Amino acid sequence: MKHLILGAVSALALTATGAMAQDYPSKEIAGIIQWGAGGSTDTVMRAVTPHAEEVLGGTVVMQNITGGVGAIALNQVAAGDADGYTLLMGAENPLLYKVMGLGQKDYSDFVPVNVLARGTPILVAGKDAPFDDYAGMLAYIKENPGELRFGSTGPGGLPSVVTAMINAVEGEQDVIFVPYDGDGPALTALQGGAIDVMPAVLGAAIEGIKAGAMKPLVVFEEEPVEALPDVPTALAANAGYDKYLPWGPFFGIFVKAGTPDDAVAKLTAAYKEAAEQPEFLDLMKNRGFTSLNLSGAEAQTFLDGWQSTTAWLMQDAGLTKSSPEEFGIAKPAE
Amino acid sequence: MSPTDHDTEALQDEVTDLHEHARDTRRPGEAGFTILLLLASLFLLWSAYDISGFEALSAPGTLPMVTTLIMCITGGLIMLRTIKLPLISGETFGQNILPLALVIMAVLLVCYGLLLKPLGFLPTSMLFLTISIKLLWRQGWVKTLGVSFLVLVIIYVVFRIIFTVLMPSGIFPEAEMLQFFRNLIGGGA
Amino acid sequence: MDALSAFFTVFTDLKLLSLVALGTFAGVYIGAIPGLSVTMAVSILISFTFSWDVHPAIALMIGIFMGGVYGGSRTAILLNIPGAPSAIATAMDGYPMAQRGEAGTAIGITTVMSFFGGFIGIIVLALAAPSVSQFALTFQPRDYMLLAILGILLVGSLSGESLVKGIFSGAFGILIGMVGMDPLTFTGRFTYDLPLMQSGISFIAVMIGMFGVSEALAQLHHLDTPAIKQKITRIVPSFGTIKKYLPLSLQTSTIGVIIGALPGTGGDIAALMAYDHAKRVTRKPSRPFGKGAIEGLVAPETANNAAVGGAFIPMMTLGIPGDAVTAIMIGALFIHGLNPGPMLMVEQPDMFWFIVGSLVVANFFMLIFGLTGIKLFTKVVEMPRAVLIPMIMLLSIVGAYATNNSITDVYWMLAFGVLGYFMRSYGYPLGPVILGVILSRLLDDNWRRAIISEREDLGRFFHGIVTSPLSLILFLAVIFIFFSQTPLWTRLKARLLPARNEEAR
């Protein structure tokens, strides 16, 4: 292991168990991934971390701790020490825990190290669907109320947010929601005809679209995306989406609030550099993610804005267990 | 053997397989266990009803109710059948179901579970192995400690070093120790 | 021509060849140790092989996958503790053989049959991947539900002394699988408002507890019985033996490939279904099932290795994982700059043939490593029980912890170990419990999806079943197997068909 050359300095670490800040890292860092092995959060974290390890001069041992929409992992990191030796590698879900009644903690109990990238939501239909575009879909729903099957991934997931946006902009749509464990299984079901329409993240659907196994209806962006330049944007379809876009699921790395500044600074620098690696940028582009590489105050602003937009969208759609107001989540500016 | 014999024999096998050819006696403690399982099943049925009641066919509580209902019915059947059986002769609860060695091991396991977090993986495991091997094996201390240490080292190397499973470290600074050795190797290379 | 050269890449490159060998060797041991899983090993390899080329990284992973699926049978036969879920059925006849001192024979047959099953899986992958994956896609939620019910009916084969106790155990297993936050609506089920119940009960913790700790506790009764001396002189089965089981193994391999290719079902269900199938079609097993029948080893071992090839079918043709391991491999391909999906086979057919080639090589290495080094394994069984039992217990604890890095799982594992011991003592079969846990989500989720899709209308639901050929076949199979397990049917059959009663398959 070539990147373990810390030399004589950290040899002292054995005697000084307290791990002085300037020696950071003096032992392995645990990286707790909120989602299961093979998922997109897992892939992204396992791709970016080896670069960061080189910069950091330490080892990050990644573990998947799943369950409770990621809340199990978040609570475990929040219950541990704020010493910088446990990283939380997560996605956007925790920002909705409070309003959805899934937990009492969210990213406000953490310091963002890096918000790596953001995904683009896209609405796809099965290749045999009786319509080819967004307007056609709306017309079909109007003519056949309660027949069209939408895939969903439970309250708070990307499909529920996208559907809430559609309902807010176009009015309530009478469709059936068939629940799946994630967008992977749901897109499989879409190809098999078990569901008709699925709001998914672009990266998960792009290969199927290119192969003609599913039809893209609309991307939820302000500008057409590079990977699928011919697919119309939601903004072009209805100017009402302006209020919510850009919006998308994201990946980020966090440490518990109260972690020594020195450790946060070293981690931030390491992941910042890692997220600039061309290989990583290529991977993000191939999977249809927009690279963000935000840290510090920028990252915090991003998180706050995301939480405010989404929590209030869910509140207005009547999907929340408690109002965002109770947790001091500001209403987005009109 | 003629083909017909074949068939009858196969059929016989099948019949004995399918029919209840349960023991005609019950083991010590068995009646109590069946009653306990039935009570637990009834409680679980009530909890299942509590999830969503008879809300909808697709409600989260529908299949749990079906499942626990099956548990109650079969649990009841088993209990009725079991309590009627005569007690098996020559077996006692303390000797054939829960002998002392078993109780001790179970207690040791519970202690292990309780101590793992505060004490850490290495000390707890060493304690567990030493005590249990000493009690079961009845050999000298040197041999017991040697074998325990060897077993622990193997498990540690496989899980902690090769598979990087981070066991609770507790009072023993094993992560720092590991980093120290890694640095020695890394620095030398 | 390109396909051929891609296929032979592994054979001609010494570095790749040795990586597959290393992976397979490690896989056998990873599979054998309960709590070390192939899924875990492969996900660690993703970061480990990050800076490598794609070929060596995939070669290593494939070796581990192939070896790991096979390795689970080792501890199942020797210790009655399945090293992996797919070896649960193997223990039922493998361990009785070991108790007669025939562990060598059992391991020999297991190895050769795993090799055979693996081969069938690879052949189907190589020749028929696109059509099999199209078939797999046609499975609707209601078909998955019917498949799960079909699986649950296996309880009949897995119950020992009493069918009623088997049904109780099976229902209990399904219940265990439902504990926790319902993934579809986030409603708590049997959580009693305790945070530790929210993530549910880990399937691996249940399995290790029920088979590992409870077996170790039961072994305490035989502390002073000397270990059985194992004959390991005749390991490789004779050609005649192999020929005898060829028809059965072809059938069970087919089950393995199809179940493996379905997204959401894997080698564990395949092995249990194959065991049930063997019990149904074998009229005169070498010994009664559950007492050391060779057929009881052949069926699950061919099926779970055939499922490996099967799992690659949707992965390579559609970019859809066939099981947990292929899900991680898809991630690995992404990291290495490939885009697994329907276009992969069109744009990069080389990758497909490279994987097929690696699987073939891994299968051969599995045969070699499986037939050698048996002495070392049997030595483990001949260790004094007083050392072996604490060691198994410690391994079970670490294994339960390692799957999700959670102490809660250790507590669950211990609780199920003690419960499993009592269930064992009072004649409740443990196989159905595990079967129930494995199938719980498949049954519950798909039942709900199916009925939601039909707007909660049972009439529409049954209309859907009778109008789809696939659903109808599955539905009839469910009804037939259900009735063939009731005593009524046996009596009816005996009366109506006194001499010829062969159709019960």
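The values are calculated or read from the model by the stated rules, or taken from the named source; none is laboratory data. Everything quoted here is computed from the prediction, not taken from an experiment. Every residue, glycine among them, receives a Cβ derived from its backbone with ideal geometry; neighbour counts consider all protein chains shown.
Some points to look at:
- Criterion (at the interface with another protein chain (Cβ under 10 Å from one of its Cβ atoms), surrounded by fewer than 24 Cβ atoms within 10 Å (Cβ to Cβ) and either under 19 Å from the mean Cα position of the chain (by Cα) or among the small types (Gly, Ala, Ser) (or both)) met by exactly one of C:Ser157, C:Ser169, C:Ser131, C:Ser162: C:Ser162
- When residues of the range B:25-51 are limited to those that are more than 11 Å from C:Phe190 (Cβ to Cβ) and of a type in the set (D, E, K, R), the one modelled with the lowest pLDDT: B:Arg26
- Reported count of residues in the range B:139-180, each being surrounded by 19 or more Cβ atoms within 10 Å (Cβ to Cβ), β-branched (Val, Ile, Thr) and in contact (Cβ under 8 Å) with a residue 24 or more places away in the chain, is 1.
- The single condition from (1) crowded, with 16+ Cβ neighbours inside 10 Å; (2) within 14 Å of chain A (Cβ to nearest Cβ) that B:Ile185 fails is (1).
- Breaking point among (1) within 14 Å of another protein chain (Cβ to nearest Cβ); (2) surrounded by fewer than 23 Cβ atoms within 10 Å (Cβ to Cβ); (3) farther than 30 Å from A:Leu281 by Cβ, for C:Ile313: (2)
- Boolean, B:Ala56 is within 9 Å of chain C (Cβ to nearest Cβ) and exposed (fewer than 15 other Cβ atoms within 10 Å of the Cβ): yes
- On the stretch given as the range C:398-424, residues that are of a type in the set (S, T, N, Q) and at pLDDT 90 or above total 0.
- Flag for C:Gly436 being out of contact with any Pro (no Cβ under 7 Å at 6 or more places or on another chain) and either crowded, with 23+ Cβ neighbours inside 10 Å or away from every other protein chain (no Cβ under 12 Å) (or both): yes
- Residue check, C:Leu395 away from chain B (no Cβ under 11 Å), within 29 Å of C:Ile204 (Cβ to Cβ), buried (at least 20 other Cβ atoms within 10 Å of the Cβ) and modelled with pLDDT of 80 or more: no
- The range C:79-108 - residue that is surrounded by fewer than 24 Cβ atoms within 10 Å (Cβ to Cβ) and more than 16 Å from C:Leu430 (Cβ to Cβ) and, of those, nearest to the chain's Cα centre (by Cα): C:Gly108
- For the range A:54-68, residues that are out of contact with any His (no Cβ under 6 Å at 6 or more places or on another chain) and acidic (Asp, Glu) total 0.
- Number of positions in the range C:332-341 that are surrounded by fewer than 24 Cβ atoms within 10 Å (Cβ to Cβ) and touching an Asp or Glu at 6+ places or on another chain (Cβ under 6 Å): 1
- The set of residues in the range C:384-406 being outside any helix (DSSP H, G or I) and either of a type outside the set (S, T, N, Q) or out of contact with any strand residue (DSSP E or B) (no Cβ under 9 Å at 6 or more places or on another chain) (or both) consists of C:Pro384, C:Ser406.
- Selection status of C:Tyr144, more than 7 Å from every other protein chain (Cβ to nearest Cβ), in contact (Cβ under 8 Å) with a residue 12 or more places away in the chain and either in contact with a Leu (Cβ under 6 Å, 6 or more places away or on another chain) or not acidic (Asp, Glu) (or both): yes
- Helices (runs of 4 or more DSSP H) contained entirely in the range C:1-61, each with at least 1 residues that are within 14 Å of chain A (Cβ to nearest Cβ) and more than 23 Å from the chain's Cα centre (by Cα): C:38-48
- Residue check for C:Arg495: part of a loop (DSSP other than H, G, I, E, B), at pLDDT below 90 and more than 10 Å from chain B (Cβ to nearest Cβ): no
- Scanning the range C:422-431 for residues that are part of a helix (DSSP H, G or I) and crowded, with 24+ Cβ neighbours inside 10 Å gives a single hit, C:Gly431.
- Criterion: out of contact with any Asp or Glu (no Cβ under 8 Å at 6 or more places or on another chain), under 22 Å from A:Gly38 (Cβ atoms) and either in a helix (DSSP H, G or I) or not hydrophobic (A, V, I, L, M, F, W, C) (or both) - qualifying residue of C:Gly260, C:Gly322, C:Gly240: C:Gly322
- For the range A:61-104, a residue qualifies if it is of a type in the set (Asp, Glu) and more than 18 Å from the chain's Cα centre (by Cα), and the qualifying residues are A:Asp81, A:Asp83.
- Checking each residue in the range B:113-138 for being farther than 19 Å from C:Asn405 by Cβ, within 8 Å of chain C (Cβ to nearest Cβ) and surrounded by 15 or more Cβ atoms within 10 Å (Cβ to Cβ) picks out B:Phe128, B:Leu129, B:Ser132, B:Ile133, B:Leu136, B:Trp137.
- Count - residues of the range A:77-91 that are modelled with pLDDT under 90 and over 17 Å from A:Val60 (Cα atoms): 1
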